[in-house]
Amino acid sequence: MTRSSPPIRCRRLSVGYDEKPVLEDLSFTVERGSTVALVGRSGCGKTTLLKTLAGILDPLDGEATVLDTSLPDSTPPGELGYIPQTLGLVMHEPVLTNVLHGRLSDLGKVRSLLGRFPADAKTDARDAIERVGLDGYEQSRVKELSGGQRRRVAIARAFVQEPRVLLADEMLSELDGETARSVVDCLVSLQRKTGMSVVVVEHDLDVATDISDTVLRVGSGGIEDRIESVSTREPAPRQSNE
């Protein structure tokens with residue numbers, strides 16, 4: 001696996017359900033350390049594309065390569081992070097345990113089944129919980145939290161995982177402005193640290209432009225427009241291949 005190659009490359013990709021395409025002829029690249037936002041009307045196929053990149057749906061046609069893996073083959077364990085609209089949390093478990101799930105790929109099979117996480121993982125999880133504004137909620141069960149708080153748990157889980165690629169569906173929805181800005185700051189910090197690439201679905205064009213390097217406007221069965229961001233956020237540095 002070569003870290004100098006783009007983490008995501010799509011060429012004439014078609015995505016959809018039951019052999020019926022929702023989006024066709026998609027060609028784009030996500031560079032290392034960059035953020036790409038997908039915008040468009042509800043139901044236009046943004047989530048379908050994200051699910052395909054995450055390996056949940058198989059491509060219908062064309063080519064899609066994620067972390068040097070040609071879909072639908074599976075990407076390396078732990079290197080792809082995914083925050084779905086449904087969040088994928090374990091509702092009866094505490095916040096800390098849910099966040100630690102971001103480190104499951106680092107454990108052996110037995111330790112993973114027993115939930116035996118090392119001390120450094122717990123320290124990182126508590127730090128991530130604090131950074132998303134949930135300090136004091138470590139032992140609260142997820143089912144007791146509000147929608148916005150649950151979303152922050154999912155974000156903290158992704159931060160602890162430190163994936164090479166993060167796919168996030170409406171990551172900032174249900175968050176107030178201050179919390180959303182804090183989450184974005186955490187995201188940029190993690191990108192600078194790891195070179196992580198991000199693809200995020202966002203319904204608000206202004207927000208998408210602010211948080212990303214490139215905006216892909218999706219609709220009418222494909223990519224309608226590409227907008228290079230004029231955001232003043234400092235981009236994550238492109239790191240050389242070691």
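The values are calculated or read from the model by the stated rules, or taken from the named source; none is laboratory data. Please read these numbers as outputs of a predicted model, since none were measured by experiment. Note that each Cβ is placed from the backbone with ideal geometry, even for glycine, and that neighbours are counted across all protein chains shown.
In this structure, Thr48 qualifies as outside any strand (DSSP E or B) and under 30 Å from Asp206 (Cβ atoms). Within the span defined as segment 27-42, every residue fails to be buried (at least 18 other Cβ atoms within 10 Å of the Cβ), farther than 27 Å from Lys193 by Cα, over 19 Å from the mean Cα position of the chain (by Cα) and of a type outside the set (S, T, N, Q).
Please specify each residue of segment 7-26 satisfying the condition of being in a loop (DSSP other than H, G, I, E, B), surrounded by fewer than 17 Cβ atoms within 10 Å (Cβ to Cβ) and either free of Cβ contacts under 8 Å to residues at least 40 places away in the same chain or in contact with a Lys or Arg (Cβ under 8 Å, 6 or more places away or on another chain) (or both). Within segment 7-26, just Asp18 meets the criteria. Taking first residues from segment 118-134 that are under 22 Å from Leu145 (Cα atoms) and partners that are surrounded by 21 or more Cβ atoms within 10 Å (Cβ to Cβ) and among the charged types (D, E, K, R), the Cβ contacts under 7 Å between residues at least 6 apart in sequence or on separate chains come to Val132/Arg152; Gly133/Arg152; Leu134/Arg152. Each residue in segment 63-85 was checked for being modelled with pLDDT under 90 and either in contact with a helix residue (DSSP H, G or I) (Cβ under 6 Å, 6 or more places away or on another chain) or under 19 Å from Val201 (Cα atoms) (or both), and 3 of them qualify. Is it fair to say Ser189 is free of Cβ contacts under 8 Å to residues at least 24 places away in the same chain, farther than 30 Å from Lys20 by Cβ and among the small types (Gly, Ala, Ser)? Here the answer is yes, as Ser189 does meet what is asked. Among residues of segment 147-162 that are touching a residue at least 40 places away in the same chain (Cβ under 8 Å) and within 14 Å of Tyr137 (Cα to Cα), those with a beta-carbon under 8 Å from a residue that is of a type in the set (D, E, K, R) and surrounded by fewer than 23 Cβ atoms within 10 Å (Cβ to Cβ) at least six positions away or on a different chain give the pairs Arg151/Glu174; Ala156/Arg131.
On the given criteria, is Gly62 small (Gly, Ala, Ser), more than 19 Å from the chain's Cα centre (by Cα) and part of a strand (DSSP E or B)? So Gly62 passes the test.
Residue count for segment 128-152, restricted to those that are part of a helix (DSSP H, G or I), within 14 Å of Leu187 (Cα to Cα) and hydrophobic (A, V, I, L, M, F, W, C): 2.
Residue count for segment 136-149 satisfying the condition of being touching a helix residue (DSSP H, G or I) at 6+ places or on another chain (Cβ under 6 Å) and at pLDDT below 95: 0.
Within segment 173-200, restricting attention to residues that are in contact with a strand residue (DSSP E or B) (Cβ under 8 Å, 6 or more places away or on another chain) and either among the hydrophobic types (A, V, I, L, M, F, W, C) or assigned to a helix (DSSP H, G or I) (or both), the residue that is surrounded by the fewest Cβ atoms within 10 Å (Cβ to Cβ) is Gln191. From the list Gly102, Gly147, which one is of a type in the set (Gly, Ala, Ser) and in contact with an Asp or Glu (Cβ under 7 Å, 6 or more places away or on another chain)? Only one candidate qualifies: Gly147.
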